[in-house]
């Protein structure tokens, strides 16, 4: 891809520890971390914070699944149960999934991939982490002070008038965190437009950059609407201004329109970056250019545009006009097309490749399969009459977990493994990593597949107690969740272990294309010794491999 | 009793259920086909082109193909538009009741369902309905949003505070079926469940005749109308000049003071009782006081039923 290629790198690196100064050994004080404007250090700060929230959200989910082993309420009270599923949703959506790939991998990789020294606004970037942490603290306060029981959707008038829990503290937390997302999106958009290295034209950009770009547009345009919505809930709750509660002259459907105008695109904030990660991993482990680069790139933009036009499919049974329902249903089917384009292109990319099955590739292939299933069940819920039946049941729960966990989290883990050597300068233990990738895949399916059946049978979501005939499937789901939970504990353990005991990584352990691999692992603070110049197309694996052969490997 | 054995599909107990299931099976077919297609391709290609296999032709082929892209855009498009039309048609049926439906009034509140049958008989959390008769449930909530969901009928409709909404169904099997609240409504959301009991029409008639003393909703509405002194300004002949005559008003289109028009439906009548000055008919003064807080949801329904029953003088 560039003029600076290292022909000597190998796939099984065993290099000596870095002697040069890099972003990790540039300073060891707390101050050097908390006041850093280095995008790579900020990425690490995000990594630590979202991992903390992931564990919290995971604990809430564990208690929920344990409680659902029996039809009765035996582990916790209903008040607590409702607070637990709300905590799980709020934490996982706003404090883990939305920041996950953009704030960690995006922060780390966007400047490296475009050949820049940092993001366009490094101080703004640090501010966005502080804003995120501040929002997180508000939400933690709400959780510790007593919790919230509105569900992550905050439907009015329950949230605005009836709930006696810490709705406002949580809403303020999410409101604040939203600004972190807006600032990050803004930073990415400007960086991608203005700071690409010489020769790095739009169609030479890595597909990860395309998907982060599309994600950033949604973050910047969508998040303010969520902020306005929460502000209006606050106005009604604290000042009694009638906006959503009909007793005060408001309209409860208005809340749903406003909420989903952000929260549906938010689903694409979660999944688009994962699609970007997969589009990086597949070419590397197939050793070839991805099939239909332009189509994968433009489908990201198409998904971002369509994502703003489909919010009404959350309102099919809410009392929205029948005709509005029909328009939203048709538009929702159209989103399936760019998603299908991506899946077909990834699959076609395998053709005539030289495929190896390292951990990132296992996650990427798992992603394609699970995303396909999540996407296809999206057709069920876009189909009006079927949605009437499965709306607000476990079918929906299964569907969006296939997208958000089977899709987004698998992509995130794949990306973390793929770029771990770059981020930390260490190699993780491959055997353990493959084992846990398989455990997560199996555990995930055991957890969520039974929920499709449960949903079609009619079990509503957010049910603490349920009729006894649903127990068998609930027990299966909880059993799967225990495997899934175990699967998540493995990477948490061996990745930390690898920081101290892992082998040192070379600059390019995967012999991957992309500018981020042309600088040492971990990269120096200034990223590149001299500004790289890009002369070739992206993903030119043929040339990289022929150079390696000439280099005598 | 509710059948609580293990099963993979819910019971079919309404005219809509088999039609929804047919679309579901079609979707299942599409989903299985594409999942198997993609999975098989991934597994086949991964094995064939694995790194260790040197015996395979890897001469660079196409890096992109507009023709292929168009093919795999058009095929999903055709499938999804077909599914859209199918789903939309059924949806239209599910929310448009046919003529001659029997109307049951539903008032939902945290955390119970209150029903009232056309003859005035009331029940809580259990709904008795006749077999083979289209039933429309006209619903309103006293507090937060609830959702009326009978899985065996494949119908669901959110029950909103502040406005009436409805759905309908025609039961095809006698028996007892789950009624769930599907929209999260607070602490005891999962206990806001009840059952729908489908009976032979003759049994239903017997059941309807039983129970404690009851009053036809329109009669109760008339009594309330007199008690609240509505009759002072709205006499039966409607000729006071202070208000539009109520007789025959329901279903009509009226011109409002601000130039807009409104159809006099149940939501309009409800609003006019609670917030009379919101939509005043052109040519009249906003004289009427608000009855917000003086009548509850069930009394509002009775008043509206009475007003609907008034014929043109």
Does region A:357-366 include one or more residues that are outside any helix (DSSP H, G or I) and surrounded by fewer than 23 Cβ atoms within 10 Å (Cβ to Cβ)? yes
Name the residue that is surrounded by the fewest Cβ atoms within 10 Å (Cβ to Cβ), counting only residues in region B:158-170 that are within 8 Å of chain A (Cβ to nearest Cβ) and farther than 17 Å from residue A:462 by Cα. B:163
Any idea which of (1) surrounded by fewer than 18 Cβ atoms within 10 Å (Cβ to Cβ); (2) within 14 Å of chain B (Cβ to nearest Cβ); (3) over 30 Å from residue A:254 (Cβ atoms) is the one residue A:146 doesn't satisfy? (3)
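Here's the yes/no breakdown for (1) in contact with a helix residue (DSSP H, G or I) (Cβ under 9 Å, 6 or more places away or on another chain); (2) under 22 Å from residue A:495 (Cα atoms); (3) at the interface with chain B (Cβ under 10 Å from one of its Cβ atoms):
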residue: A:363; (1), (2), (3): yes, yes, no
residue: A:371; (1), (2), (3): yes, no, yes
residue: A:374; (1), (2), (3): yes, no, no
residue: A:386; (1), (2), (3): yes, no, yes
residue: A:404; (1), (2), (3): yes, no, no
residue: A:407; (1), (2), (3): yes, yes, no
residue: A:410; (1), (2), (3): yes, yes, no
Return the total of residues in region B:171-206 being away from chain A (no Cβ under 14 Å), in contact with a helix residue (DSSP H, G or I) (Cβ under 8 Å, 6 or more places away or on another chain) and assigned to a strand (DSSP E or B). 2
Exactly one of A:247, A:237 is assigned to a helix (DSSP H, G or I), modelled with pLDDT under 95 and either buried (at least 18 other Cβ atoms within 10 Å of the Cβ) or in contact with a strand residue (DSSP E or B) (Cβ under 6 Å, 6 or more places away or on another chain) (or both), and that residue is A:237
Restricting to region A:298-312, name every residue that is within 11 Å of another protein chain (Cβ to nearest Cβ) and either over 25 Å from residue B:82 (Cβ atoms) or buried (at least 23 other Cβ atoms within 10 Å of the Cβ) (or both). A:298, A:299
It is to be established whether one or more residues within region A:261-283 are within 10 Å of chain B (Cβ to nearest Cβ) and buried (at least 22 other Cβ atoms within 10 Å of the Cβ). no
Do we have residue A:553 as part of a loop (DSSP other than H, G, I, E, B), within 30 Å of residue B:63 (Cα to Cα) and modelled with pLDDT under 90 here? yes
Here's a check for you: in region B:12-64, which residue that is over 40 Å from the mean Cα position of the chain (by Cα) and farther than 22 Å from residue A:364 by Cβ is farthest from the other protein chains (Cβ to nearest Cβ)? B:55
Per the list (1) under 30 Å from residue A:454 (Cβ atoms); (2) part of a helix (DSSP H, G or I); (3) at the interface with chain A (Cβ under 7 Å from one of its Cβ atoms), residue check on residue B:72 breaks on (1)
When region B:79-104 is examined, which residues are found to be outside any helix (DSSP H, G or I) and either within 17 Å of residue B:18 (Cα to Cα) or out of contact with any strand residue (DSSP E or B) (no Cβ under 6 Å at 6 or more places or on another chain) (or both)? B:96, B:99, B:100
Subset of region A:238-264 [under 21 Å from residue A:218 (Cβ atoms) and in contact with a helix residue (DSSP H, G or I) (Cβ under 6 Å, 6 or more places away or on another chain)]: A:258, A:259, A:260, A:261, A:262, A:264
Quick check on this structure: which one of B:184, B:164 is free of Cβ contacts under 8 Å to residues at least 12 places away in the same chain and assigned by TED's automatic domain parsing to the domain that holds residue B:109? B:184
Being out of contact with any helix residue (DSSP H, G or I) (no Cβ under 8 Å at 6 or more places or on another chain) and on the phi > 0 side of the Ramachandran plot is true for just one of B:248, B:209. Which residue is that? B:248
Residue list for region A:86-116, restricted to those being over 18 Å from residue A:212 (Cβ atoms) and surrounded by fewer than 24 Cβ atoms within 10 Å (Cβ to Cβ): A:88, A:89, A:93
Taking residue A:318 as meeting all but one of (1) closer than 30 Å to residue B:150 by Cβ; (2) assigned to a helix (DSSP H, G or I); (3) within 10 Å of another protein chain (Cβ to nearest Cβ), write down the number of the exception. (2)
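The values are calculated or read from the model by the stated rules, or taken from the named source; none is laboratory data. It should be emphasised that the depicted structure is a prediction, and the values quoted were computed from it without experimental measurement. Here Cβ is always computed from backbone atoms with ideal geometry, including for glycine, and neighbour counts include all displayed protein chains.
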